[in-house]
Amino acid sequence: MNILCLGDVQFQSGVKYVCQNLPKIIRENDIDFTVVNGENTSDYSTLDIYAAEELFSRGADVITGGNHTLQRAEVYEYLDNKSDKCIRPVNLPYLAPGKGYTVQKAKNGMRILVINAMGQITMDPCDSPFLTVDKVLEKEKGYYDIAVCDFHAEATSEKNAFGYYFNGRIHCIFGTHTHVATADERLLDKGSGFITDVGMCGVTDSIIGAEIDTALQKFVSRTFTKKKQPAGKMMINGVIFTVDNQTHYCTDIKRIKY
C-alpha cells in the first residue's frame, strides 16, 4: 500500500494549491491513505477549520498539527469534535483540546494508526515524545496494522533519534516544522521508513513560507511584524511510503515535489 504524507501547508494560498492538486497526486500515485500537516493553514499561523474541511473533501484522511495548532481559541471545539481525523501533538498537556492520535481505515481496509508528536529542543514545553508515544503504541497494540507518525520538531538530531528509537515499531516516520525538505529519506534496518523533514506546501520564493521582506526585518533590524502571505510560484512537498501488506515493512520511500 502507498501512504502519502505532505508537509506543513502554508496560508490559504497553500491550501488552495494543495486542494487543486491533491486528487491528481492521489490518483497518479495509487495512494491508499493521506496525511497532511495543517497547523499553518490559517493566515494567523494556526489551524484553519474551514481549510481543514476543504482538505478532507479533497482526499486528506488525517490532518496533523504542531506547535501553532492551539494558538487561536476558535479551533478548540473543532479539535474536540474532529479528534478522530484532525489531531494535535500527543505530548501536550492532557487538558489540551483534541487528541494526539487516531486510527483510521485506508482504502484497502488496513487500520492506520496516525500519531502526531512534538519535539522538545527549542520548542514549546511538552512531555517526552519518546515516552508518550511508547504509551500510545502499548495502549493501541492489536488495534492497528500500520503506524504512521508526524514528528513536529526543530532539531535534526532529535528527529533522527526519534526515528531510530521507533525503528521497527512505527512503520512510517516523517518530520515536519522546519519547512525545508531534507534529502535523507531512507529505509531503516528494522522495517521503518524515515525522513528528517518533508518540507512545506506553499510559495517557493519565500522564507519558509512567509513573505520575504517581512521575514527579513526580524533578522536585519530585529523588528517584528505579522507574517504576510506571499504570492508567486507554488510547490507541494511530501513523501510516499510504500508498505508491504503482509510483513508491514516499509519497502520504499520517495520524496515528491509537485
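List of remarks:
- Only residues that are under 28 Å from SER13 (Cβ atoms) and touching a Lys or Arg at 6+ places or on another chain (Cβ under 7 Å) were counted in segment 156-194, giving 3.
- Residue within segment 175-187 that is out of contact with any helix residue (DSSP H, G or I) (no Cβ under 9 Å at 6 or more places or on another chain), crowded, with 22+ Cβ neighbours inside 10 Å and of a type in the set (D, E, K, R) present: no
- One residue from LEU6, LEU22 being at pLDDT 95 or above, in contact with a helix residue (DSSP H, G or I) (Cβ under 9 Å, 6 or more places away or on another chain) and farther than 25 Å from GLU154 by Cβ: LEU22
Yes or no, residue by residue, for (1) closer than 30 Å to LYS226 by Cβ; (2) surrounded by fewer than 24 Cβ atoms within 10 Å (Cβ to Cβ):
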site	(1), (2)
THR156	yes, yes
GLY163	no, yes
GLY191	no, yes
ILE195	no, no
GLY199	yes, no
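- Top-ranked residue in segment 228-253 [being modelled with pLDDT under 90 and in contact with a helix residue (DSSP H, G or I) (Cβ under 6 Å, 6 or more places away or on another chain); ranked as surrounded by the fewest Cβ atoms within 10 Å (Cβ to Cβ)]: LYS228
- ILE256 passes every criterion in (1) buried (at least 21 other Cβ atoms within 10 Å of the Cβ); (2) aliphatic (A, V, I, L, M); (3) at pLDDT 95 or above apart from (1).
- Candidate set from segment 201-216 (those that are polar (S, T, N, Q) and modelled with pLDDT of 85 or more); member that is surrounded by the most Cβ atoms within 10 Å (Cβ to Cβ): SER206
- Counted residues, segment 98-123 - those being surrounded by 14 or more Cβ atoms within 10 Å (Cβ to Cβ) and not in a strand (DSSP E or B): 9
- For segment 163-183, the criterion of being over 22 Å from MET1 (Cβ atoms) and free of Cβ contacts under 8 Å to residues at least 24 places away in the same chain is met by none of the residues.
- Members of segment 52-97 found to be in a helix (DSSP H, G or I) and either touching a strand residue (DSSP E or B) at 6+ places or on another chain (Cβ under 8 Å) or closer than 10 Å to GLU39 by Cα (or both), listed by number: ALA52, LEU55, PHE56, TYR78, LEU79
- Within segment 34-44, being farther than 18 Å from VAL198 by Cα and crowded, with 20+ Cβ neighbours inside 10 Å holds for one residue alone: SER42.
The values are calculated or read from the model by the stated rules, or taken from the named source; none is laboratory data. The structure presented is a predicted model; accordingly, all values stated were derived computationally and were not measured. Ideal geometry is used to build each Cβ from the backbone, glycine not excepted, and the neighbour counts take in all protein chains shown.
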